[in-house]
Amino acid sequence: MKIAIGSGKGGTGKTTVAVALALAATEPVQYLDCDVEEPNGHIFMKPDLKERMSVYVPVPCVDSALCTGCGACSRICQFNAIISLAGTAMVFRELCHGCGGCSLVCPTGAISEVDYEIGFVESGHAGAVAFTQGCLTVGRAMSPPVIRSVKQQANQDLLTIIDCPPGTSCPFMASIKGADVAILVTEPTPFGLHDLTLAVDTVCQLGIPFGVIVNRVHKPDNNVTTYCDQKGIAVLLQIPEQRSVAVAYSWGDSLLMASPELKPEFQRVLEQVTCMAEGEAV
Amino acid sequence: MKLVITTTGQTLDAPMDRRFGRAEGFLVYDLETEVYTVIDNHQNFQAAQGAGIQAAQHVVNCGARAVITGHCGPKAFRVLSAAKVAIYNCEAATVADAIDQYKSGHLKPAQSADVEGHWV
């Protein structure tokens, strides 16, 4: 069972919820931090990270002696990462997505692929929770290869909590791909609702069953619950706004340390989303 | 010899475009015949990345030996330099003014990029 935690808007509590779910689980669980541009689940989970591996993207390397300057590489590249000049080709490896198209179309075999390091993946344990996170190197632009590496390191047999990056673009898609069910976390603000609708549209297109958790709730009836009622979306949990939670957060303590009474609630959410995932499969 | 001037319009009296990679278009001017054509750059205008690189490729492909623009970033500069295309940063109001400044020798070739990428 793979549960992806997404949001649309940043800073709504994805990591807070993902950590709480991992800590509340009653079966063996792993936590994957796919928010590789700013992985911060480790601050709350405090894992003992023992393994580390680099992540590479294959980028083109041009042999000028073989290049005829025909321009086939430049025409196939959708990212302007390789261009053809008189008699040779110039590579901008920081723009390359590593698709390999240029080396396939090169008629003279002038293009080989070389590894370009863009980040790393670390693994270990936080108590009983298996923990893996990815980290994109500062100055590199492409996080999906690092995210895919995080997911490749995962144990396919464990209950898996995927902490996704915010937004609905490639990093989010790379993170949520293959999930059995999704939980979208948002806050009851105009911005939280607006970006939730984007995330809902995205997850619906992917055909992944999902529910919503509302964080920092002042009133049980709010703009997000109204929207979810209209759309027939399950509101799985509403987390009340509490100063004690913010204080715990600022010290790197988990939500369940500040509000242990929520633990059974998160266990219920795990059961509920498991049913949603299985219902979808049938 | 052909010159390329980044432009916002279709004629010599059009305002220059200060941008290179995301210029609206490129006016290709033949100094010998004084004939010009305009290359549309709208596809590049909306490129997610690599606009300067692709724009430089256009310039190289059209056979120009010099570019007059407002600003040029590091990647475009690298491509144009490798293709031995001279780059002139210019504040002229119109394309015609820029060509006049070039002809009268007022412009000096840039020795490096004068802005970071994505400077707008």
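Confirm whether A:VAL36 is modelled with pLDDT of 95 or more, assigned to a helix (DSSP H, G or I) and either β-branched (Val, Ile, Thr) or open to solvent by 50 Å² or more (accessible area, probe 1.4 Å) (or both). If you could, list the steps in order and put the result at the bottom.
On the way: modelled with pLDDT of 95 or more: yes; assigned to a helix (DSSP H, G or I): no; either β-branched (Val, Ile, Thr) or open to solvent by 50 Å² or more (accessible area, probe 1.4 Å) (or both): yes.
No, not satisfied.
Go through the range A:250-262 and give me each residue that's part of a helix (DSSP H, G or I) and within 24 Å of the chain's Cα centre (by Cα).
In the first step, residues of the range A:250-262 are kept if they are part of a helix (DSSP H, G or I); the result is A:250, A:255-258, A:260-262.
Within the range A:250-262, A:SER250, A:LEU255, A:LEU256 qualify.
This table checks each residue for (1) in contact (Cβ under 8 Å) with a residue 24 or more places away in the chain; (2) of a type in the set (A, V, I, L, M).
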site	(1), (2)
B:LEU27	yes, yes
B:THR33	no, no
B:TYR36	yes, no
B:ASN41	no, no
B:PHE45	no, no
B:GLN49	no, no
B:VAL59	yes, yes
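Among the residues of the range B:64-74, which ones are in contact with a Gly (Cβ under 8 Å, 6 or more places away or on another chain) and either open to solvent by 10 Å² or more (accessible area, probe 1.4 Å) or within 13 Å of chain A (Cβ to nearest Cβ) (or both)? I'd like the intermediate steps shown before the answer.
Within the range B:64-74, the first condition is being in contact with a Gly (Cβ under 8 Å, 6 or more places away or on another chain), and the residues that meet it are B:72-74.
Result: B:GLY73, B:PRO74.
Condition first: buried (at least 16 other Cβ atoms within 10 Å of the Cβ) and aliphatic (A, V, I, L, M). Now tell me which residues in the range A:236-256 satisfy that.
Answer for the range A:236-256, where residues must be buried (at least 16 other Cβ atoms within 10 Å of the Cβ) and aliphatic (A, V, I, L, M): A:LEU236, A:LEU237, A:ILE239, A:VAL245, A:ALA248, A:LEU255, A:LEU256.
Could you check the range A:131-157 and list, in sequence order, the residues that are at pLDDT 95 or above, within 21 Å of A:LEU21 (Cα to Cα) and open to solvent by 20 Å² or more (accessible area, probe 1.4 Å)?
A:LYS151
Going by what's in this entry, would A:GLU51 be described as of a type in the set (D, E, K, R), under 28 Å from B:SER81 (Cβ atoms) and more than 17 Å from the chain's Cα centre (by Cα)? Before you say what the answer is, go through the steps one by one.
Details: of a type in the set (D, E, K, R): yes; under 28 Å from B:SER81 (Cβ atoms): no; more than 17 Å from the chain's Cα centre (by Cα): yes.
In short, no.
Checking A:GLY101 against (1) at negative phi; (2) open to solvent by 20 Å² or more (accessible area, probe 1.4 Å); (3) out of contact with any strand residue (DSSP E or B) (no Cβ under 7 Å at 6 or more places or on another chain); (4) free of Cβ contacts under 8 Å to residues at least 40 places away in the same chain, which single condition isn't satisfied?
(2)
Restricted to the range A:68-118, and to residues that are away from every other protein chain (no Cβ under 14 Å) and part of a helix (DSSP H, G or I), which residue is nearest to the chain's Cα centre (by Cα)?
A:GLY101
With the structure loaded, tell me whether A:LEU49 is part of a loop (DSSP other than H, G, I, E, B), open to solvent by 40 Å² or more (accessible area, probe 1.4 Å), hydrophobic (A, V, I, L, M, F, W, C) and touching a residue at least 40 places away in the same chain (Cβ under 8 Å) or whether it fails that test. Walk me through it before giving the result.
Values: part of a loop (DSSP other than H, G, I, E, B): no; open to solvent by 40 Å² or more (accessible area, probe 1.4 Å): yes; hydrophobic (A, V, I, L, M, F, W, C): yes; touching a residue at least 40 places away in the same chain (Cβ under 8 Å): yes.
Taking the combined requirement at face value, the residue does not satisfy it.
Determine if the range B:43-63 includes at least one residue that is closer than 30 Å to A:ARG93 by Cα and away from chain A (no Cβ under 14 Å).
As a first pass, look at the range B:43-63 and keep what is closer than 30 Å to A:ARG93 by Cα: B:43-63.
Subset that is away from chain A (no Cβ under 14 Å): none.
So far as the range B:43-63 goes, no, none of its residues is closer than 30 Å to A:ARG93 by Cα and away from chain A (no Cβ under 14 Å).
The values are calculated or read from the model by the stated rules, or taken from the named source; none is laboratory data. The shown structure was predicted, so the numbers you read here are calculated from the model rather than taken from an experiment. Heads up, the Cβs are rebuilt from the backbone with ideal geometry, glycines too, and the neighbour counts pull from every protein chain shown. Remember, those area values only see protein heavy atoms, side chains included, never the ligands or the DNA or RNA. Shrake-Rupley method; radii C 1.70, N 1.55, O 1.52, S 1.80 Å.
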